[in-house]
1. List the pair-distance distribution P(r) of the range 282-440, using every Cα-Cα distance, as the percent of pairs falling in each 10 Å bin from 0 up to the bin containing the longest distance, rounded to whole percents.
2. I need to check one value: relative contact order of the chain, counting alpha carbon pairs closer than 8 Å and at least 6 residues apart, in percent.
3. Once a ≥ b ≥ c are taken as the square roots of the eigenvalues of the Cα gyration tensor of the range 72-179, is the result rounded (a/c under 1.5), prolate (a/b larger than b/c) or oblate (a/b not larger than b/c)?
4. With a 1.4 Å probe and every protein chain left in place, tell me how much accessible area HIS403 has, in Å² to the nearest 10.
5. Rank these by accessible area, largest first, 1.4 Å probe: VAL340, VAL160.
6. Need one number for the range 7-109: average projected area of the convex hull over its C-alpha atoms, nm².
7. Treat each spin label as a single point 7 Å out from the Cα along the C-beta direction, and report the ILE429 to VAL291 distance in nm.
8. Just to confirm the number: angle between the C-alpha axis of helix 381-394 and the first principal axis of the chain, 0 to 90 degrees, nearest 10?
Amino acid sequence: MKNKLKTSESPLRKTSAFRYGFGMFGTSIPINMFKSYAAVLYLTTLNLITSDQMSKIIFIYTFVDAIDNPIYGFLSDRTNTKWGKRRPWLLIGTPLLILSFIMFFNMPKGIQSNETQAYIYILLMYVLTGTLDSLINANYGALFPALFKTDEERAKTNAVRQVCQLLAMVISIVLTPVVTKAIGYGLTSIIYGVIAFVVILFMTFGCHEDIKEEQEAFENEEKPDLFKAIIALITNSKFWIFGFAGAFYSAAFALISQSVPFFVKYTLGLDSTMTAVMLAVVFGFALIGIVVFSALSKKVEIIKIWRLGFIVMAIGFIPLYFAKTLPFAIAVASIVGVGVAGCLISMDCIGAKIIDDDYAKHGVKREGILTSLIGVMNRLNGLYVSLGFKIMYSVYGFKNDEHPGTRPGDASRVLMCVLPLVALAFAGIFSMRLHFDEKKKCENIPEPVSEDE
């Protein structure tokens, strides 16, 4: 007989791991198309800006994102409504995100004829879309440690999330070159935006926050303080180790999605539609890897899987540098995909452990702030990606498709292989320094009522 968590009103309904995890499908579709094809659209398709200007846009956005993440988390933690802490922000932020995402890929024709106006438009819409994505993910991410308390629940839920994320990537990254070739970037963004809108709201209305517990904590416990949270984290060595490892991994992953179109076109000398084939292999093997690593996590410490993911990814980039044909590149890309799976299945679970440690030490519920601060570290990958485009421009003379320089193949090879390999080497080194006491488990809590009871 299951123990039921009673409240004065009604039993707390248990949030479905599938419904929460499915939300990742919605949050991933717009941001992955946005991050992967922003440069492709404006550098090679429309030729409206240079790689140097793209570098500056990403650089500026990264600093804005470093500021907005903790602010969104702070506001979320301080929210107290009958709908919960996180859901109101998801309901407000989702339509705004989708609107800005669509506007980014649908620049007015009048602006395209003016280089200065085009650059300003791209900069503003890039920052706006990115910051609204931060708002959504700060609240979506904060729900994870709050709704799922045990390592077993988290491993199961995170496996669902990452499978949904990979499926979203197949659509928004792998299929996008084929879809946009048929209907264009503008209409593609509208279709993806509508899908994301429906999925995120479906997830939002299915997440059951413990409203009574949150209201009691809001009235009786110490209120989350942004500066105290920052101080607590910057004095926590685990945060820095995990943060830098995550930042370097995120940089490598961001470079993969953004550089494959350049690699396929300028290094392999193939049509842009072959981008879909290569990315399909990466994400296909990542999907298989998630199933394997999810099963392995029942027997092996999650942190070991995390470290293994970095090692496997790094190994894959070494032979990829020497690839000259698509079959060889695809074979090597499969290794990278398996490594991606190891990182995806473990990253959020380790972040949740750091949040658990903070609550055990300080007794303040501040999942939103902490999730956002951890996110700040991951989003520092923008500095590294910005550096990559700066190298393309300054070292190899690559401006855009009209002015690719004399060695575009070498430029794309560095962007696709060398920089990710260096980033993963640093990620692996940091991961070896992180340790948890695996004997300490999450606090046992009464099991909520399942949705079908």
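1. Spelled out bin by bin, the range 282-440 gives 10, 30, 33, 18, 8, 2 percent.
2. Values: 714 pairs, mean separation 141.6, N = 453.
Over the chain, the number comes to 31 percent.
3. Working: a/c = 3.37, a/b = 1.59, b/c = 2.12.
Judged from the Cα gyration tensor, the range 72-179 comes out oblate (a/c at least 1.5, b/c at or above a/b).
4. Counting only protein heavy atoms, HIS403 exposes about 100 Å² to solvent.
5. Working: VAL340 0, VAL160 35 Å².
Descending accessible area places them as VAL160, VAL340.
6. Numbers: hull surface 35.8 nm².
Its Cα hull, projected and averaged over all orientations, spans 9.0 nm².
7. A separation of 3.7 nm, rounded to one decimal place.
8. 10
The values are calculated or read from the model by the stated rules, or taken from the named source; none is laboratory data. What you see is a predicted model; the values in this text were computed from it and never measured. Note that we place each Cβ from the backbone using ideal geometry, even for glycine, and neighbour counts take in every protein chain shown. The protein model used for the area step is the full one, side chains on, heavy atoms only, and it has no ligands, DNA or RNA in it. Shrake-Rupley method; radii C 1.70, N 1.55, O 1.52, S 1.80 Å.
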